[in-house]
Amino acid sequence: MATTAAPRRNAPGRAHGLASRRNPSHRNDWKLALLLIAPAVIGFAVFAVYPTLRGIYLSFTDFQVLSPPEWTGLENIQTLLGDKMFWQSLGITFYFVALSVVFGILVSLVTAVILHRLTGSPFIRGLVILPFLISGVVAALVWQWMLDPQLGIVNIALEALTGERIKFLSSPEWVIPSVAAISVWKSMGYNAILIVAGLSTIPNEVYEAGRLDGASEIQMFRRLTIPLLRPILAMVIVLTVISAFQVFDIVAVTTKGGPANSSNVLQMYIYDKAFNQFDFGYAATMSLSLFVMLIAITFLQMRLLRADESDTN
Amino acid sequence: MTVIPTAPLAAPEGIESRRKRRAPRKPVRPFSWGRALAWTYVIAFLLVTVFPFYWILRTSLSNNFALSTDPGSFLPVGFSFDAFARVLGFASRDEALAAGGSGASIDILLSVRNSVIYAGLMTIIVVTASALAAYAFARLQWRGRNLVFSILLTALMVPGILTLLPNFVLINDLGLLNTFAGLLLPGALFSAFNIFFLRQFMLGLSAEVEEAALIDGAGPWKTMFRITLPMTSGPLVTLSILTFIGTWNDYFWPLLVANDAEVRPLTLALGVFQQASPQSQPDFSGQMAATLIAALPMLLLFMIFGKRIVNSIGFSGIK
């Protein structure tokens with residue numbers, strides 16, 4: 001540790017390139033490099049590349065784990081196209097994604113803007129990210145308890161206010177909004193902090209200029225904040241969409257896809273096919289289709305949101 | 001096995017100093033309705049965020065039978081530590097039933113141990129492997145360096161959904177189901193995000209000290225351990241915290257490969273415990289006690305490293 005005593009941080013970086021090219025002490029670097037990257041490269045090849053290729057291959061087979069996979073060509077895809085449950089799951093998943101993304105981003109954005117203007121307190125920011133630290137299982141358990149139709153505090157408060165109770169997690173029309181609410185609760189603080197970080201990169205002068213020109217707060221928010229925030233907002237939206245498409249733990253703990261499949265999101269259905277019905281080939285086909293959809297949606301979003309540029313230049 | 005890694009970034013000084021610079025210019029503001037409204041919103045938001053944590057505590061300290069007599073009480077009903085005794089295995093089956101347990105048991109200490117092993121080893125191995133690789137990509141001179149790096153980065157594009165099932169099949173083929181090796185292997189050796197993040201930080205360090213050490217004949221191996229890695233300690237700690245949290249909270253991958261009680265981590269054990277509880281008379285106080293025990297290490301981490309975690313999240317976005 002003592003050797004770090006005086007690193008000269010401001011020294012120009014180009015010194016590195018020049019010095020190293022002439023420096024003979026780098027001649028044998030490749031041996032060490034090979035050793036150092038070996039674990040990562042092995043991990044990448046065995047647990048990322050190979051399973052990806054194998055997953056694509058299995059999508060075109062009939063595979064029940066115990067016996068070797070049998071090539072069936074496009075049969076799985078035909079099954080998929082005619083599988084009502086798949087399309088229903090897809091619909092449920094889209095509904096969940098729409099709710100959790102729209103409300104999640106809205107709440108996070110409003111919270112971030114207010115936090116940014118109001119306070120820099122690390123204590124408050126710390127509290128805000130608390131739900132990010134706990135697992136989806138823990139979040140699901142506590143909300144299931146709070147939303148319980150008989151004893152849950154939310155329903156008790158609701159009855160006191162409106163005289164009615166809601167079966168949040170056990171009625172088909174409420175289950176997806178409820179699960180989406182839990183998911184929003186878990187991620188809203190994290191996303192808000194991400195957006196706050198984006199907000200703090202916007203120079204104050206921009207707002208001062210806006211104020212001089214007589215812009216109102218709301219005008220400044222629409223004309224200055226949102227456009228300047230675009231790259232980070234796009235990133236938050238893309239990340240939220242990707243994780244919402246793969247929602248699993250909250251559903252698995254609270255409803256297991258029920259009641260009557262009304263919360264059977266795609267990931268749940270894939271899990272059920274593979275591990276309860278042992279239809280791995282078909283489960284792989286559905287994974288592949290979800291993967292293709294995710295890539296397409298991400299690409300589309302990046303184009304629509306023009307994520308890589310802000311409106312300044 | 002998280003799909004998109006949470007992104008921390010180095011040097012949180014940037015935001016801090018900017019805020020400090022701005023702070024002295026602000027005069028004490030007069031009361032305004034806008035600010036009052038904004039504070040009201042913040043307080044409401046914090047209440048919604050924190051209330052479930054309080055409710056876990058309140059319920060876990062209640063007697064499960066008494067809960068139904070006064071479910072709206074904001075204080076524990078029939079205050080007792082029975083629920084903790086029950087889930088920690090200190091109460092006999094009869095005692096547990098008498099205190100409102102469902103008869104379902106959870107060997108939570110064993111699961112805590114499993115989670116500590118799983119998250120701890122995962123953190124140590126993946127951060128070490130990533131740091132070594134990052135050094136090779138940032139500091140060593142070798143042919144094909146950038147090409148190999150770009151290839152590894154493509155892994156960021158592939159979400160877990162595609163690799164999870166085949167990885168399960170692979171772990172099954174290797175006979176590693178229900179072992180820590182099976183739990184750890186797919187995630188422990190390689191993390192595209194960690195390598196990317198550490199390399200980025202190392203590239204930002206001045207190379208002069210290292211070059212000096214090399215010229216003095218220290219050799220790249222010694223230089224790495226004596227100079228580069230110590231200078232990278234900040235980001236290494238940040239990555240370790242984030243990896244630990246992510247692994248501790250992981251549910252899907254353990255569900256596929258580690259259902260045996262001997263290796264089952266807490267997230268799974270909680271799910272099993274909840275499922276075993278009868279629908280008619282669920283053991284809510286027991287569930288909340290178990291939940292609290294499961295969340296406690298994260299809450300402790302948060303108390304120690306809270307500010308660092310917030311900054312690391314904040315900085316992910318800026319890049």
>> Between a residue in segment B:146-160 that is touching a residue at least 60 places away in the same chain (Cβ under 8 Å) and of a type outside the set (F, W, Y) and any residue that is in a helix (DSSP H, G or I) and exposed (fewer than 13 other Cβ atoms within 10 Å of the Cβ), which pairs come within a Cβ distance under 8 Å, given they are 6 or more apart or on different chains?
In response: none
>> Condition first: more than 10 Å from chain B (Cβ to nearest Cβ), over 15 Å from the mean Cα position of the chain (by Cα) and polar (S, T, N, Q). Now tell me which residues in segment A:171-204 satisfy that.
In response: A:S171, A:S178
> Out of segment B:52-90, which residues are part of a helix (DSSP H, G or I), within 11 Å of chain A (Cβ to nearest Cβ) and surrounded by fewer than 16 Cβ atoms within 10 Å (Cβ to Cβ)?
Replying inline: B:Y54, B:L57
>> Checking B:L164 against (1) under 28 Å from the mean Cα position of the chain (by Cα); (2) without any contact (Cβ under 8 Å) to a residue 40 or more places away in the chain: exactly one of these is not met. Which one?
In response: (2)
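A:T298 - would you say it is β-branched (V, I, T) and surrounded by 22 or more Cβ atoms within 10 Å (Cβ to Cβ)?
So A:T298 fails the test.
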> Does A:S89 count as closer than 25 Å to B:L255 by Cα, part of a helix (DSSP H, G or I) and among the small types (G, A, S)?
Replying inline: yes
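Would you kindly identify the helices (runs of 4 or more DSSP H) lying entirely within segment A:215-303 that contain at least 2 residues that are in contact with a strand residue (DSSP E or B) (Cβ under 7 Å, 6 or more places away or on another chain)?
none
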>> Considering only segment B:206-219, I want to know if a residue exists there that is at pLDDT 85 or above, crowded, with 17+ Cβ neighbours inside 10 Å and more than 8 Å from chain A (Cβ to nearest Cβ).
In response: no
>> So, B:P186, is that one in a helix (DSSP H, G or I), at the interface with another protein chain (Cβ under 7 Å from one of its Cβ atoms), surrounded by 21 or more Cβ atoms within 10 Å (Cβ to Cβ) and under 22 Å from the mean Cα position of the chain (by Cα) or not?
In response: yes
>> Can you confirm whether B:Q279 is more than 8 Å from every other protein chain (Cβ to nearest Cβ) and out of contact with any strand residue (DSSP E or B) (no Cβ under 8 Å at 6 or more places or on another chain)?
In response: yes
>> If B:L37 meets every condition in (1) out of contact with any Ser or Thr (no Cβ under 6 Å at 6 or more places or on another chain); (2) at pLDDT below 80; (3) on the phi < 0 side of the Ramachandran plot apart from one, which number is that one?
In response: (2)
>> Could you go through segment A:119-141 and let me know if any residue there is crowded, with 19+ Cβ neighbours inside 10 Å, more than 8 Å from chain B (Cβ to nearest Cβ) and either among the aliphatic types (A, V, I, L, M) or under 20 Å from the mean Cα position of the chain (by Cα) (or both).
In response: yes
> With respect to the numbered conditions (1) β-branched (V, I, T); (2) over 30 Å from B:A66 (Cα atoms); (3) at the interface with chain A (Cβ under 10 Å from one of its Cβ atoms), which one is the sole condition not fulfilled by B:T238?
Replying inline: (3)
> Among the candidates B:A261, B:A295, B:A289, which residue alone is closer than 30 Å to A:R125 by Cβ, of a type in the set (G, A, S) and more than 10 Å from every other protein chain (Cβ to nearest Cβ)?
Replying inline: B:A289
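On the basis of being outside the structural domain of B:S62 (by TED's automatic domain parsing), in contact with a Leu (Cβ under 9 Å, 6 or more places away or on another chain) and hydroxyl-bearing (S, T, Y), does B:S233 make the cut?
no
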>> Let me spell it out: the conditions are (1) more than 15 Å from the chain's Cα centre (by Cα); (2) buried (at least 16 other Cβ atoms within 10 Å of the Cβ), and A:A160 meets all of them except one. Which number is the exception?
In response: (2)
>> I need a count of the residues in segment A:268-288 that are buried (at least 20 other Cβ atoms within 10 Å of the Cβ), of a type outside the set (V, I, T) and in contact (Cβ under 8 Å) with a residue 60 or more places away in the chain.
In response: 10
> Just checking, which of A:S263, A:S243 is under 30 Å from A:P177 (Cβ atoms), out of contact with any Phe, Trp or Tyr (no Cβ under 9 Å at 6 or more places or on another chain) and modelled with pLDDT of 85 or more?
Replying inline: A:S243
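The values are calculated or read from the model by the stated rules, or taken from the named source; none is laboratory data. Computed from a predicted model, the values in this text were never measured in an experiment. Using ideal geometry, Cβ is built from the backbone for each residue, glycine included, and neighbour counts are taken over all protein chains shown.
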